[in-house]
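Peer 1: Here it is, the structure, as structure tokens.
The values are calculated or read from the model by the stated rules, or taken from the named source; none is laboratory data. Keep in mind that what you see is a predicted model, and the values were worked out from it rather than measured. Here the Cβ positions follow ideal geometry from the backbone for every residue, glycine too, while neighbour counts run over all protein chains shown. Only protein heavy atoms, including side chains, enter the accessible area calculation; ligands, DNA and RNA are left aside. Shrake-Rupley method; radii C 1.70, N 1.55, O 1.52, S 1.80 Å.
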Amino acid sequence: MEEVLYTAKATTKGGRNGHVASSDGIIDLELRTPKEMGGESGYSNPEQLFAAGYAACFDSAMTLLARRKRLNVDDAEIIVEVGIGKDPADGGFKLRADITGVFPAGITSGQAAELMEAAHGFCPYSKATRGNIEVTLHHRVAE
């Protein structure tokens, strides 16, 4: 990387059962282990935060690439589901991600699939996770 354009900074204390805050105070959350993993409901968790960041980044990448092709995807949505489960390799945990693009009428299924693949190659989150977590792409087109 030649030049850093922006650096995000966040600090946590207590990890999954603690608190996280961004240096500018915009993010200021209590975290808990998900209820499905024995924690409490009503709180955020690292997987939600990762899914939110990945979705925003992927959507921006996809929209930029669509504009280059003169395709209107202003009403498109990107849904990122981040799952966590046991990693048999070391007994710890491992993430996976499913990314679904929901495209407006006027975009063909082929165009949607092409945009999803191109965005996956372009998005910084996809670049960071490539070869590290399983990512599956899906798409739907409104009728």
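Peer 1: Select from segment 83-142 the residues that are of a type in the set (Asp, Glu) and open to solvent by less than 70 Å² (accessible area, probe 1.4 Å) and list them in ascending order.
Peer 2: Residues of segment 83-142 of a type in the set (Asp, Glu): 87, 90, 98, 114, 117, 134.
Answer for segment 83-142, where residues must be of a type in the set (Asp, Glu) and open to solvent by less than 70 Å² (accessible area, probe 1.4 Å): Asp87, Asp98.
Peer 1: From the list Ala56, Ala97, Ala61, Ala76, pick out the single residue that is in contact with a Pro (Cβ under 9 Å, 6 or more places away or on another chain), among the small types (Gly, Ala, Ser) and under 18 Å from Arg130 (Cα atoms).
Peer 2: On the way: Ala56 fails: in contact with a Pro (Cβ under 9 Å, 6 or more places away or on another chain); Ala97 fails: in contact with a Pro (Cβ under 9 Å, 6 or more places away or on another chain); Ala76 fails: under 18 Å from Arg130 (Cα atoms).
So the residue among Ala56, Ala97, Ala61, Ala76 that is in contact with a Pro (Cβ under 9 Å, 6 or more places away or on another chain), among the small types (Gly, Ala, Ser) and under 18 Å from Arg130 (Cα atoms) is Ala61.
So that you can scan it fast, the table gives a plain yes or no per residue for (1) farther than 30 Å from Asp28 by Cβ; (2) in contact with a Ser or Thr (Cβ under 7 Å, 6 or more places away or on another chain):
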{"residue": "Ala52", "(1), (2)": "no, no"}
{"residue": "Val73", "(1), (2)": "yes, yes"}
{"residue": "Ala76", "(1), (2)": "yes, no"}
{"residue": "Lys86", "(1), (2)": "yes, no"}
{"residue": "Met116", "(1), (2)": "yes, no"}
{"residue": "Val135", "(1), (2)": "no, yes"}
{"residue": "Ala142", "(1), (2)": "yes, no"}
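Peer 1: Which of the residues belonging to segment 90-143 are under 19 Å from Ala66 (Cβ atoms) and either part of a strand (DSSP E or B) or in contact with an Asp or Glu (Cβ under 6 Å, 6 or more places away or on another chain) (or both)?
Peer 2: Selection gives Ile99, Thr100, Gly101, Val102, Phe103, Pro104, Leu137, His138, His139, Arg140, Val141.
Peer 1: Which of the residues belonging to segment 13-49 are over 21 Å from Val80 (Cβ atoms), not small (Gly, Ala, Ser) and not in a loop (DSSP other than H, G, I, E, B)?
Peer 2: Selection gives Lys13, Asn17, His19, Asp28, Glu30.
Peer 1: List the number of the failed condition for Asp90; all other conditions in (1) farther than 27 Å from Ala8 by Cβ; (2) touching a residue at least 24 places away in the same chain (Cβ under 8 Å); (3) acidic (Asp, Glu) hold.
Peer 2: Of (1) farther than 27 Å from Ala8 by Cβ; (2) touching a residue at least 24 places away in the same chain (Cβ under 8 Å); (3) acidic (Asp, Glu), only one is false for Asp90: (2).
Peer 1: Additional query: Restricting the search to segment 60-84, which residues are under 19 Å from the mean Cα position of the chain (by Cα) and assigned to a loop (DSSP other than H, G, I, E, B)?
Peer 2: Correct list: Val73, Asp74, Asp75, Ala76.
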